[in-house]
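Below: one structure, written as structure tokens.
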Amino acid sequence: MSDSKDKKPSGGRKPLTVSRGSGSGTVKQTFSHGRSKQVVVETKKRRTVGAQTKTAAAKPAAKKPGGDGGKEPSKLEAAAKKLGITVEELVQRQKVLMQRRAAEEKRKAEVETQQARTKALQDKQQAKVQEDKEREEAEVRRKAEEAERKKAEAEAKARADAEAKAQKSERSTGRGKGRDGGAAPSQADLEAAASSGPSRRKGGRGGKEDRDRRDSSGDRGRGGKRTRGKLTIASALGDDGDRQRSLASVKRARERERERRAGGESQEKVSVEVTLPETITLQELAGRMNERVADVVKYMMQQGDMLRGNDIIDADTAELIAEEFGHTVKRVSEADVEIGLDGEEDDPKDMVGRPPIVTIMGHVDHGKTSLLDALRSTDVVAGEAGGITQHIGAYQVQLKSGDKISFLDTPGHAAFSAMRARGANVTDIVILVVAANDSVMPQTIEAISHAKAAEVPIIVAVNKVDLQEADPNKVLTDLLQHDIQVESMGGEVQAVEVSALKKKGLDDLTEAITLQAELLDLKANPKRAADGIVVESQLDKGRGPVATVLVKRGSLKRGDIVVAGAQWGKVRALVNERGQQMKEAGPSVPAEVLGLDGTPEPGDVFNVVENEARAREITEYRQRAKRQKQGIASQRTSLEQFMTNLKDGATKAEDLPIVLKGDVQGSVEAITQSLEKISTEEVRANVVYGAAGGISESDILLAQSSGAPVFAFNVRANKQARELAEKSGVEIRYYSIIYELIDDVKASLSGMLAPEKKETFIGYADILEVFNITKVGKVAGCKVTEGVVKRGCGVRLLRDDVVIHEGHLKTLKRFKDEVPEVTNGMECGMAFEKYEDIREGDRIECFEIEMIARKLD
């Protein structure tokens, strides 16, 4: 085949030719035996007749000029050939370019249209602003003209009055002048005389200006239009002819008129004393300052604080605002409700002698209660479980001489240190009981510390001197180590040898107490409102909340309204230590008070108030403060613990929840403190709820929801509570001695401790050869060189004395059998769990891990 450019193709189809254009190429074919062949290949698109017709109609210029057929290529074919594409592809590209150009022009037109709209809107807004500005200027000019008109009217009226007075005076004098032949003044002269005013001085145009003002006022009165200072579009078109002033504009004009009549000057502000609590709203602050709320809000906005009238601010911010507005400030607090609760100071004339309050302190089982029993001639020890005092007892003893002494018996067990400190704080004299056979013990030292902290005198009572092993001198000598120097050794502390069992030395002890009380000169006013200390409190099933109080000043009577800590009530009954009813309790008299709405905390101060409203106000404040304090403390503790554990990677301590019920509040408090002391970082006893009183159904429900046992100390559960506990599976444990309760909790906490791991070395084995067994993996052929190897023991793989793996044995075989252990000198096969990187010459170290149970110290 060859190119036929000089022949005109006949018909619509061109002859088959091989084109050397961009669509052709050469392909090399390779055959066997080193033969190859070059083949010319042309890639040609299939063209349809319809597409050709459409292209010819759309682009008539594509035809060759002169109609000479294929003699000369057309412009399109030349361009397509230059670009290496077909004519149809070139036409398509031109169409796409034209479409893109049209879209670009359309987009530009839209952008120009949008810009024109934006500019027109801006021009419209500027025109509106200009029109508003012109309207305001016109309003200002109108007001100025109105003021000038009123001023001119006032001047015209003044001139008219002057003219009337002048005419009247002329008439009265004219008659006389007529008789004398004088001529009367003409009307023109009067007008000229009256017109000599301020307007005449301004270039002589005053009369014309007055006429113009009168004419304009006459036109306004007849309904004419007001003149404007500047011609606007609305006024030129006549659109504002029927416009009227709005009601707000009229109100503003009236307000300005009232201010102008008042003189236009603001009245001088009156400074007031503003009482500020700890928090206050802006609206309330504005009311107390006699200021508008809007002014206060505006001031805060100027300071950068976007506040509303209902927003709460603190007292410091409120004080700054009040001082900025020119007012004085008086700060008050919620705690001010307690001001005056203690009453006024007593007059020395009203003071009379009172019995001393004596606290008996010492180590456990040194005979404190037995000594008090000997003084009272009553058997109190028989009522104490195990011979140990479980809570403070308050008693009053009358001696043979008629003198009275109030005694407080404190526990000696280590758990009751808080109760001993409370007893020392309310006492006048401390009797330190020391057993002659035991000498100074830990609780004895603690009692000495409490007495010194309270700065009260000490009387040493050396008890149990009747025993054979008693050594009183050793007791006095040991006390010297704690700065207690008795009189026999040159000191100031009295020491008395007594025997509570034989009732020996009791008179000497009471005489020493009376002597010390005389030296202290104890006095109180019995005629004032009573106050004192809550020694103990409990919830009695038949009598309700019962508080044991010790009166320090005044006299507590039945019917008095008492505030004790966060509780209050009306005294329904006063009972002494013998169960007898009393009408009143004077200074230094212990008594049980019935009628409170709850059990106060031991150590709380009680006061008598004038009415129930004051009592309710004080207790509500104290309860609110207590809740806030507990909430903040718990939140702070939880956050601190959470962040500390998160930082250190420590795990949270395991809790042993406990519901604790006791006979008195002091015992519950002491047990709670003891449980906190035995807790550690790993385990701790968490008292979910602790209170005085018997076990009720609500206690069982709480224990069930929290998964806690119920520990009952000297109390019992009622029938409904027992049935509910059996049904829900809640354990109730009863105790009468504090030692047993603490030991049980300690044992439970010890069981919660994670066991201690102890590693024991058992043997070495050397790898002699490594076998790769199908479906099993690598197995080490070993020889035990030391000790023994046991199946399932822990292993470490050593390579050049470096540990490269630690795990457990998966299998231990001798020959083909699994064996429990292989001893020294024997060969065996070993495989590790999930590890196969073992080599010949490695060494295996075998060990066992022993779990040892831990205990709390």
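Applying a threshold of 9 Å to beta carbon distances and a minimum spacing of six or more residues, or different chains, the list of pairs starting in region 302-325 at a residue that is free of Cβ contacts under 8 Å to residues at least 60 places away in the same chain and ending at one that is open to solvent by 100 Å² or more (accessible area, probe 1.4 Å) and charged (D, E, K, R) reads ALA315/ARG331; GLU319/ARG331; PHE325/LYS269.
In this structure, LYS527 does not satisfy being modelled with pLDDT under 90, in a strand (DSSP E or B), open to solvent by 60 Å² or more (accessible area, probe 1.4 Å) and among the basic types (Lys, Arg).
Please count how many residues of region 834-857 are closer than 30 Å to SER748 by Cα, in a loop (DSSP other than H, G, I, E, B) and not small (Gly, Ala, Ser). Lay out the reasoning, then the answer.
Our first condition is that a residue be closer than 30 Å to SER748 by Cα; within region 834-857, this holds for 848-857.
With in a loop (DSSP other than H, G, I, E, B) added as a condition, the list becomes 853-857.
Going one step further and asking which of them are not small (Gly, Ala, Ser), we end up with 854-857.
So the count comes out to 4.
Apart from one condition, GLY579 fits all of (1) modelled with pLDDT under 90; (2) in a strand (DSSP E or B); the exception is (2).
Report the residue count in region 582-606 for those that are part of a strand (DSSP E or B) and surrounded by 22 or more Cβ atoms within 10 Å (Cβ to Cβ).
First, the residues of region 582-606 that are part of a strand (DSSP E or B): 582, 584-585, 590-596, 605-606.
Filter once more, so that each one left must be surrounded by 22 or more Cβ atoms within 10 Å (Cβ to Cβ): 585, 590-593, 596, 606.
So the answer is 7.
Scanning region 608-639 for residues that are modelled with pLDDT of 60 or more, among the polar types (S, T, N, Q) and over 24 Å from ARG572 (Cα atoms) yields GLN628, GLN630.
Please enumerate the residues belonging to region 700-714 that are within 39 Å of the chain's Cα centre (by Cα) and either assigned to a loop (DSSP other than H, G, I, E, B) or hydroxyl-bearing (Ser, Thr, Tyr) (or both). If the condition is that a residue be within 39 Å of the chain's Cα centre (by Cα) and either assigned to a loop (DSSP other than H, G, I, E, B) or hydroxyl-bearing (Ser, Thr, Tyr) (or both), then SER705, SER706, GLY707, ALA708, PRO709 are the ones that fit.
Every residue in region 694-705 that is hydrophobic (A, V, I, L, M, F, W, C) and open to solvent by 30 Å² or more (accessible area, probe 1.4 Å), please. Those that are hydrophobic (A, V, I, L, M, F, W, C) and open to solvent by 30 Å² or more (accessible area, probe 1.4 Å): LEU701, LEU702.
Say we look at region 326-352 and pick out the residues that are touching a residue at least 40 places away in the same chain (Cβ under 8 Å), among the acidic types (Asp, Glu) and assigned to a loop (DSSP other than H, G, I, E, B); which of these is farthest from GLU284 (Cα to Cα)?
Step one: list which residues in region 326-352 are touching a residue at least 40 places away in the same chain (Cβ under 8 Å), which gives 326-335, 337-338, 341-343, 346-347, 350-352.
Imposing the further condition that a residue be among the acidic types (Asp, Glu) reduces the set to 334, 338, 342, 346-347, 350.
Narrowing further to those that are assigned to a loop (DSSP other than H, G, I, E, B): 342, 346-347.
Numbers: ASP342: 32, ASP346: 40, ASP347: 43 Å.
It comes out as ASP347.
Of the helices (runs of 4 or more DSSP H) lying entirely inside region 233-293, those containing at least 1 residues that are at pLDDT below 80 and of a type in the set (Asp, Glu) span 247-261.
In region 311-333, which residues are among the basic types (Lys, Arg) and either at pLDDT 90 or above or within 17 Å of VAL270 (Cα to Cα) (or both)? Outline the logic, then answer.
Step one: filter region 311-333 for residues among the basic types (Lys, Arg), giving 330-331.
If the condition is that a residue be among the basic types (Lys, Arg) and either at pLDDT 90 or above or within 17 Å of VAL270 (Cα to Cα) (or both), then LYS330 is the only one that fits.
Which residues, taken from region 763-778, are open to solvent by 20 Å² or more (accessible area, probe 1.4 Å) and farther than 17 Å from THR823 by Cα? Step through it out loud before you land on a result.
Of all residues in region 763-778, those open to solvent by 20 Å² or more (accessible area, probe 1.4 Å) come to 764, 766, 768-776, 778.
Listed by number, the residues that qualify are GLU769, VAL770, PHE771, ASN772, ILE773, THR774, LYS775, VAL776, LYS778.
Among residues of region 709-722 that are in contact (Cβ under 8 Å) with a residue 12 or more places away in the chain, those with a beta-carbon under 7 Å from a residue that is surrounded by 13 or more Cβ atoms within 10 Å (Cβ to Cβ) and acidic (Asp, Glu) at least six positions away or on a different chain give the pairs VAL710/ASP699; PHE713/ASP663; ASN714/ASP663; VAL715/ASP663; GLN720/GLU697; ALA721/GLU697; ALA721/ASP699. Considering region 411-450, and only residues there that are farther than 30 Å from ASP743 by Cα, at pLDDT below 85 and touching a strand residue (DSSP E or B) at 6+ places or on another chain (Cβ under 6 Å), the residue that is surrounded by the most Cβ atoms within 10 Å (Cβ to Cβ) turns out to be THR427. The numbered conditions (1) open to solvent by 70 Å² or more (accessible area, probe 1.4 Å); (2) in contact (Cβ under 8 Å) with a residue 60 or more places away in the chain are all true for CYS782 except (1).
Any residue in region 539-550 that is within 48 Å of the chain's Cα centre (by Cα), assigned to a loop (DSSP other than H, G, I, E, B) and free of Cβ contacts under 8 Å to residues at least 12 places away in the same chain? Break it down into steps so the answer makes sense when it comes.
Step one: of region 539-550, the residues within 48 Å of the chain's Cα centre (by Cα) are 539-550.
Now restrict to residues that are assigned to a loop (DSSP other than H, G, I, E, B): 541-543.
From what is left, the residues that are free of Cβ contacts under 8 Å to residues at least 12 places away in the same chain are 542.
There is at least one residue in region 539-550 that is within 48 Å of the chain's Cα centre (by Cα), assigned to a loop (DSSP other than H, G, I, E, B) and free of Cβ contacts under 8 Å to residues at least 12 places away in the same chain.
Across region 426-477, what is the total count of residues that are part of a helix (DSSP H, G or I), of a type outside the set (Asp, Glu) and either out of contact with any Leu (no Cβ under 9 Å at 6 or more places or on another chain) or farther than 30 Å from ARG354 by Cβ (or both)?
Residues of region 426-477 part of a helix (DSSP H, G or I): 442-454, 472-477.
Subset that is of a type outside the set (Asp, Glu): 442-445, 447-454, 472-477.
Still in the list and also either out of contact with any Leu (no Cβ under 9 Å at 6 or more places or on another chain) or farther than 30 Å from ARG354 by Cβ (or both): 442-443, 445, 449-450, 452-454, 472-477.
Of the residues in region 426-477, 14 are part of a helix (DSSP H, G or I), of a type outside the set (Asp, Glu) and either out of contact with any Leu (no Cβ under 9 Å at 6 or more places or on another chain) or farther than 30 Å from ARG354 by Cβ (or both).
Annotation note: of PRO277, PRO348, PRO356, the sole residue that is under 30 Å from LEU519 (Cα atoms) and in contact with a helix residue (DSSP H, G or I) (Cβ under 8 Å, 6 or more places away or on another chain) is PRO356. Annotation: of all residues in region 662-693 being in contact with a Phe, Trp or Tyr (Cβ under 7 Å, 6 or more places away or on another chain), open to solvent by less than 20 Å² (accessible area, probe 1.4 Å) and not polar (S, T, N, Q), the one that is modelled with the lowest pLDDT is ALA670. Within the option set GLY491, GLY532, being open to solvent by less than 40 Å² (accessible area, probe 1.4 Å), part of a loop (DSSP other than H, G, I, E, B) and modelled with pLDDT under 90 holds for one residue only, GLY491. Count of region 551-576 residues, restricted to those that are in a loop (DSSP other than H, G, I, E, B) and open to solvent by 40 Å² or more (accessible area, probe 1.4 Å), is 1. Among the criteria (1) surrounded by 13 or more Cβ atoms within 10 Å (Cβ to Cβ); (2) closer than 17 Å to LYS810 by Cα; (3) not acidic (Asp, Glu), the one SER748 does not fulfil is (2). Taking into account only those residues within region 342-366 that are open to solvent by 20 Å² or more (accessible area, probe 1.4 Å) and among the aliphatic types (A, V, I, L, M), which is nearest to GLN398 (Cα to Cα)? Result: VAL352.
Of the set (1) surrounded by 12 or more Cβ atoms within 10 Å (Cβ to Cβ); (2) modelled with pLDDT of 80 or more; (3) not β-branched (Val, Ile, Thr), all apply to ARG308 but (1).
Just to be sure before I move on: is GLU833 closer than 22 Å to PHE771 by Cβ, open to solvent by 30 Å² or more (accessible area, probe 1.4 Å), in contact with a Lys or Arg (Cβ under 7 Å, 6 or more places away or on another chain) and modelled with pLDDT of 90 or more in the structure I sent? Explain how you work it out, then say what you get.
On the way: closer than 22 Å to PHE771 by Cβ: yes; open to solvent by 30 Å² or more (accessible area, probe 1.4 Å): yes; in contact with a Lys or Arg (Cβ under 7 Å, 6 or more places away or on another chain): yes; modelled with pLDDT of 90 or more: no.
In short, no.
Would you check if there is a residue in region 401-408 being modelled with pLDDT of 80 or more and surrounded by fewer than 20 Cβ atoms within 10 Å (Cβ to Cβ)? Checked against the condition, which is being modelled with pLDDT of 80 or more and surrounded by fewer than 20 Cβ atoms within 10 Å (Cβ to Cβ), region 401-408 yields at least one hit.
The values are calculated or read from the model by the stated rules, or taken from the named source; none is laboratory data. Worth saying up front: this structure is predicted, and the values here are computed from it rather than measured. Cβ atoms come from the backbone with ideal geometry, glycine included; neighbour counts cover every protein chain shown. Areas reflect the complete protein model, heavy atoms only, side chains present, ligands, DNA and RNA absent. Shrake-Rupley method; radii C 1.70, N 1.55, O 1.52, S 1.80 Å.
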